[in-house]
Amino acid sequence: MIVKIYNLIFPWVINNILKILKLKKRNENLWIFGAWGGDNYSDNSKYLFEYVIEHLPNINAVWITKKPDIKEKLNLAGKKCYLFNEPNGRITRLAANYVFFTNGMTDFGKYDLCHGATKVALWHGMPLKKLWFATNNLQKRDKNIFRLLQYIVLKIYNHAKRDFTIATSETTKKLLIECFEVKPETVLITGQPRNDGLFNTKEIHLLKQKLNHNSNDKFVLYMPTWREMGNNEIFLENILNQLINDSAFLDSLNKNNIKLYVKPHPRITINTKSTKNIIVLKGMSDIDNQVLIGAADELITDYSSVFIDYALLERPVHFFVPDLEEYKKDRLGLFFSFEDFVEDYFTDINELKKVILNSTIYAQKGINNSLKVNSLYNDPMLPKGKYCDCFTDTFLYCK
């Protein structure tokens, strides 16, 4: 317990001391990018990084990571990348004037060397649950001294502090303002750069080739989220076993030329093996989620924000939520009831089988789900497939 407290307090103290770096002059044309605690080359940061390299030649774009294999891969591709703790990585962090992250400044290491730089939260999806200052816990600060102290500590310094935030609609803008207590003028409605991948037909074609997907087969994608209530592996394996052990269901998949692709959450490891028509995509970290969902003819998910991305395609999205009542009890709080953004959902495994096998019958229900999601989460005025363009134009005007 003492070690855990020390590991929380010591970096916070150091990061406050490092605020002296605000006095340092920074390089206007040096932009750094990171994602997911330095573990991944993915998400909004990846898409914007590659866009900047291609379209803004005057900008020195550098990726920061803690993974040597990511550095090697990017360097071989001719892209600049440094480890966060190597000399060049530290020098770059100290010099950059613009910083782009998905999760926070921990995308660039434990210690924040970017005080004084403009920090842009590209984030890793639009909020369904309450985050940060909007959570039920911190909303109790008027009646709970511990929550008040927690709030004060986070306001003094937290790794998710930002100067700009991106949103996908007026609704998500309001939610993000509440979550991070930022000024309205700093939240830019640009869409998410990663959503350009949904419309990248070349990459989608290459992915289907990699998966040996026959163009005559229906591409159904099941992507369940991570469940904080635990038992993630058991939950998913139980569902898959019920599908795989149903010989009539497997025969119908084959007869109707349907391929069911299952993409577990990255933090979930399951032992279930693929069959001819049920393909479990595990150990394939190089698959870009945006390209993957862009390849799908229909999506089945639950509480994963991936449905917000997929809805942009206006294809059928179905919600299989056998544990909906547990989800509603989330301790941090929810911005909307499930029914606010879902037109139709189901909780029974047999209904799941029907939806997979009878896509034509259920198609309109799925499309209605997409339209309802878009009405809350996606601004129809944003140009589809041009989200990096939109962000860059808006950001360069604002900065």
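What the table shows:
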quantity	calculated
J(HN,Hα) series, segment 7-19, from Karplus relation 6.51 cos²θ - 1.76 cosθ + 1.60, nearest Hz, glycine and proline x	5, 8, 6, 4, x, 5, 5, 4, 5, 6, 4, 5, 4
17 Å cut-off, amide nitrogen to a point 7 angstrom out along residue 241 Cα→Cβ, residues in segment 257-274	269-274
Total formal charge among the other residues, if their Cβ is under 10 angstrom from that of residue 83, Lys/Arg +1 and Asp/Glu -1	+3
0 to 90° range, to nearest 10: angle between helix 170-180 axis and the chain longest Cα axis	50
Whether segment 330-384 is rounded, prolate or oblate, judged on the alpha carbon gyration tensor where a/c under 1.5 counts as rounded	oblate
Ordering of 115-127, 19-31, 363-375 by packing [mean C-beta count within 10 Å, highest first]	115-127, 363-375, 19-31
Check: segment 224-338 dipole with +1 on Lys, Arg Cβ and -1 on Asp, Glu Cβ, in debye	220
Cα shape, segment 196-377, gyration tensor, a/c 1.5 rule	rounded
Simple label model, 7 Å out from Cα along Cβ direction - residue 381 to residue 29, nm	3.4
Residues of segment 282-323 with amide N under 18 Å of the 7 Å Cα→Cβ point at residue 215	295-297
Segment 61-195: C-alpha pair distances exceeding 20 Å, %	53
Rounded to 5, percent antiparallel among DSSP beta bridges of the chain	5
The chain: relative contact order in percent, alpha carbon pairs under 8 Å with at least 6 residues between	16
Residue with peak Gaussian network fluctuation, the chain [Cα springs, cutoff 10 Å], from 261, 362, 82	362
Charge-dipole axis of segment 260-372 as Lys and Arg at +1 and Asp and Glu at -1 on Cβ define it, positive-most pick from 316, 296, 367	296
Computed over segment 1-47, Cα set: Rg, Dmax in Å	15.4, 44
Formal net charge of residues neighbouring residue 161 (Cβ-Cβ distance under 12 Å; K, R +1; D, E -1)	+1
Inter-label distance for residue 354 and residue 394, nm, one decimal - labels placed 7 Å from Cα along Cα-to-Cβ	4.1
Backbone HN-Hα couplings from phi across segment 29-37 [Karplus 6.51/-1.76/1.60, Hz, Gly and Pro as x]	9, 9, 10, 10, 10, x, 8, 6, x
Calculated diffusion of the chain, Stokes-Einstein form, Kirkwood radius summed over Cα pairs, 25 °C and 0.890 mPa s, µm²/s	109
Cα-projected label distance for residue 13 with residue 146, points at 7 Å along beta-carbon direction, nm	2.2
Whole-Hz ³J(HN,Hα) from phi, Karplus 6.51 cos²θ - 1.76 cosθ + 1.60, for segment 262-272, glycine and proline x	10, 10, x, 4, x, 8, 9, 10, 10, 9, 4
Shape of segment 267-349, Cα gyration tensor, a/c cut at 1.5	prolate
Alpha carbon centroid spacing (whole Å) that separates segment 110-143 from segment 328-399	23
About the Cα centre, charge dipole magnitude for the chain (Lys/Arg +1, Asp/Glu -1 at Cβ), debye	1500
Chymotrypsin sites (Phe, Trp or Tyr not before Pro) within segment 194-226: DSSP coil, no more than 15 neighbouring Cβ in 10 Å	226
The chain: most fluctuating residue of 290, 139, 192 per GNM, C-alpha cutoff 10 Å	139
For segment 3-23 versus segment 170-212, the gap between their alpha-carbon centres in whole angstrom	31
On Cα atoms only, tilt of 232-244 relative to the major axis of the chain in degrees	20
Residues with amide H under 5 Å from that of residue 318, placed H, sequence gap 5 or more	299, 300, 301
Cut-off under 5 Å, modelled amide H: who pairs with residue 167 long-range	188, 189, 190, 191
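No value in this document is a laboratory result; all are computed from the given coordinates. All of these numbers come straight from a predicted model, not from anything done at the bench. Cβ atoms come from the backbone with ideal geometry, glycine included; neighbour counts cover every protein chain shown.
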